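These notes are about the structure you will find just below.
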Protein chains: 2
Amino acid sequence: MMEDAESCFTTSSTASLHNSTREKVIDLDHGDPIMYERFWRQMGDKTTITIPGWQSMSYLSDGSNICWFLEAEFATEVVRLHKVVGNAVTEGRHVVVGTGSSQLILAALYALSSPDAAEPISVVSAVPYYSSYPSMADYQKSGLYQWAGDAENFDKEGPYIELVTSPNNPDGYRRKSMVNRNQGLLIHDLAYYWPQYTPISSPSDHDLTLFTASKTTGHAGMRIGWALVKDKEVAKKMTKFIELNTIGVSKDSQLRAAKVLKAVSESCGEENHKNGESFFKYSYNLMAQRWKQLREVVDAGDMFTIPQFSPAFCTFFGKETEPQPAFVWLKCEGDVEDCETFLRGHKIITRSGTQFGASPKYVRISMLDTDETFIQFIERLSAIQERE
Amino acid sequence: MMEDAESCFTTSSTASLHNSTREKVIDLDHGDPIMYERFWRQMGDKTTITIPGWQSMSYLSDGSNICWFLEAEFATEVVRLHKVVGNAVTEGRHVVVGTGSSQLILAALYALSSPDAAEPISVVSAVPYYSSYPSMADYQKSGLYQWAGDAENFDKEGPYIELVTSPNNPDGYRRKSMVNRNQGLLIHDLAYYWPQYTPISSPSDHDLTLFTASKTTGHAGMRIGWALVKDKEVAKKMTKFIELNTIGVSKDSQLRAAKVLKAVSESCGEENHKNGESFFKYSYNLMAQRWKQLREVVDAGDMFTIPQFSPAFCTFFGKETEPQPAFVWLKCEGDVEDCETFLRGHKIITRSGTQFGASPKYVRISMLDTDETFIQFIERLSAIQERE
């Protein structure tokens, strides 16, 4: 899943809080993956891209491809990276590029719904679901599809679309489809199915799978996502959606993404892997360290709890690893009923569980901010436990 | 207006025609502005952009701006270019960047409609209207807005949105709003209001105006458009749309667009202007030459007619100039009822007038293809007139 369309970038309230006292506001509401910047700085010129003024001027990339605006170089690197990581089957799939995976979610809803249906098709996802799904499905008041809430409580007859997010945003657990029925159309949002976040157990092998550069390499500003699509007609309809929506996807960013994905694949080569220069090794270690620090602080008191995960064998690293999600799904124990408000009182901005269809006792907190912010967060959390 | 979402990039039929005989298929259906490539090659390194791997990683550009994903550099160059050209008032306007102006049209429809209205607001445009407007308005089956056809025949009471395209795609004429009524909300699509296409009479001064890099400089592959928006709440809602649709706009392309627009502004400086290096002088001369050649061929027979335009004073060039649109709106005179089929028989691919809400006696033909293709087109047209 991509990131956090809903209400995440309204910074005014944060700014006013910031000015009111000396204690700094720590904003971990949205999931801006700026943690990765340091790695890319260390890489130096390796992923610098140069585009002359006369290049990539046409709308068209490859008229013979179903996705006529897909840059061949980008598609090649997508396939290569999935092979290197082993997290997705690409054989027999069409690659459809999108302006981030948000556009691809909308394209998929469009492609899987029928313009002739008597009523909009229901769109469901299990609680806690990604907070932007409801508004993404409903903001256009589309007659094609409509948000229908929690997949676990969904009992309407007829066709439906289920968004399966695995590992899940916000809680980090691995997921399978919840509505076990015929006539279900599945969209697998695997934005976080990468080795730094979760053990890679086997290549994902679904009808329609979404990934995004934002969460893979941290390049959110490129706005590049991709879909792996089994059915040709679905790939065509998704392409049509993007044609009507934005007439294609930035070529500049596709070329840049190709270069970045290529560098990631190359960094995973045997030698670099051993030298600790692999992108995933770097990011895995960073996440491991953060989750260790977080667990230590949380375990030191009884105010908060966080999810417990079982380790599993990761085929990419060739060893057992533990899930260490991009977000922590934190619960306030005891009397605190509204965890978001409680933490806001301590100048930590998080996203309330209610936005994910869950209890206000939960909040989602980004684990991908800068080292500086993360350390401040850990210290603040520790101070809260001592004070309260 | 941007380009040609509807059915323009399906190349299979073209390919099969191409293989069937020796006469080459000339495809002028879509408006890919590749004519400009030569200018940018001549500019050499001046607009080459270099982006290091660690740059522009965040979603965010400027949290204090209404349009939080707008790159400041890009906004600066937009304002500067409008000042240099004199084609739009930018004072008191919010700049909203979009993934091409197609996304901005959808964002404007979203922003100008009301989620609480009893029925979708009508969207109209005068015939001949841009062929993609109907499908752009209707493909989502939105409950917010709905295509209602020709603005001249529109007589429904209540609020409506009128798309005012000036100069118009397909026919090149200057336009004002057609529905002269209260409760009308106007979107001015001024993609072609640049000196190479039409005399600049005065700075446009509307509530909501759209432009796009595709038609200004020819960089369609960047997918960068911008809106100048008077009302703060409308700018906010448009930003919200883009947030829900694609969570912002490629930063790489915004930075590249900034560099290209800057080069255009600089090329219009006094000295460059005189030396013939101005981008608009170059492109104006090229368009003038093409229209002259076209008129000569059309006037040599009586099979075809094309629009006649009156010259007007252009404040940018400081002299009278004549409109020379990016498309020619060609009419088959005499017995030919279906001009598109007729020309297709001669292996010229055009877009039928029916797609613009007009008679099949008309077709739209791109004037922005390469020199080579344009010359082939002129020769083919000439041959048709001799043969038939």
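The values are calculated or read from the model by the stated rules, or taken from the named source; none is laboratory data. The shown structure was predicted, so the numbers you read here are calculated from the model rather than taken from an experiment. Cβ placement follows ideal geometry from the backbone for every residue including glycine, while neighbour counts extend to all protein chains displayed. Accessible surface is based on the protein model in full, side chains and every heavy atom, while ligands, DNA and RNA are left aside. Shrake-Rupley method; radii C 1.70, N 1.55, O 1.52, S 1.80 Å.
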Rg/Rh over Cα atoms for the stretch B:57-267, Kirkwood Rh, comes to 0.95
Inter-site label distance for B:ASP116 and B:GLU372 at 7 Å from Cα along Cβ, in nm
6.0
Using a 1.4 angstrom probe on heavy atoms only, work out the carbon and sulfur share of the accessible area of chain A in %.
48
Set the Förster distance to 56 Å, then compute FRET efficiency between B:SER359 and A:ARG181 from the Cβ-Cβ distance, nearest 0.05.
0.65
Give me a comma-separated list of calculated 3J(HN,Hα) values for the stretch B:368-377, in order, Karplus coefficients 6.51, -1.76, 1.60 applied at θ = phi - 60°, integers in Hz, x for any Gly or Pro.
10, 7, 5, 3, 4, 5, 5, 5, 4, 4
7 Å along Cα→Cβ, label-point gaps from A:LYS156 to other copies, nm, shortest first
2.5
Using distinct alpha-carbon pairs, which all enter the 1/r mean, Kirkwood radius of chain B in Å
21.7
Which percent, to the nearest 5, of DSSP beta bridges fully inside the protein assembly as shown are antiparallel?
55
Find, to one decimal place in angstroms, the Kirkwood hydrodynamic radius of the stretch B:324-388, where the mean of 1/r is taken over every pair of different Cα atoms and then inverted.
12.2
Per-residue ellipticity at 222 nm attributable to helices in the protein assembly as shown (runs of n ≥ 4 DSSP H, -39500 (n - 2.57) apiece, nearest 500 deg cm²/dmol) works out to -10500 deg cm²/dmol
Kirkwood Rh, the protein assembly as shown, all Cα pairs: how many Å?
27.5
Quick one: what Rg and Dmax do you get for the stretch B:239-382 from the alpha carbons, in Å?
19.5, 54
Distances over 15 Å make up what percent of all Cα-Cα pairs in the stretch B:83-122?
60
Return the percentage of antiparallel bridges among DSSP beta bridges fully within chain B, rounded to the nearest 5 %.
55
Once accessible area is computed for B alone, A alone and the pair with a 1.4 Å probe, the total buried surface, to the nearest 100 Å², works out to 6000
Cα lying deepest toward the dipole's positive end in the protein assembly as shown, options A:GLY86, B:ALA191, A:SER102, charges on Cβ:
A:GLY86
What is the Cα coordinate range of the stretch A:214-305 on the first, second and third principal axes, sorted by size from largest, in whole angstrom?
53, 41, 26
Shortest first and in nm to one decimal, what separations exist between A:ARG41 and its copies in the other chains, measuring from label points 7 Å along the Cα-to-beta-carbon line?
4.1
Below 8 Å between Cα atoms, with a sequence gap of 6+, how large is the relative contact order for chain B in percent?
23
Copy-to-copy label separations for B:GLU23, where each label sits 7 Å from Cα toward Cβ, in nm and ascending:
8.1
Sorted by chain and number, the residues with a modelled amide H under 5 Å from that of A:LEU185, at a separation of 5 or more or across chains, are A:TYR160, A:ILE161, A:GLU162
Stokes-Einstein D for the stretch B:153-221, Kirkwood Rh over Cα pairs, 20 °C, 1.002 mPa s (µm²/s)
162
For B:GLU388 and B:HIS346, compute 0.36 nm times the residue count separating them, minus their Cα-Cα distance, and round to one decimal in nm.
14.0 nm
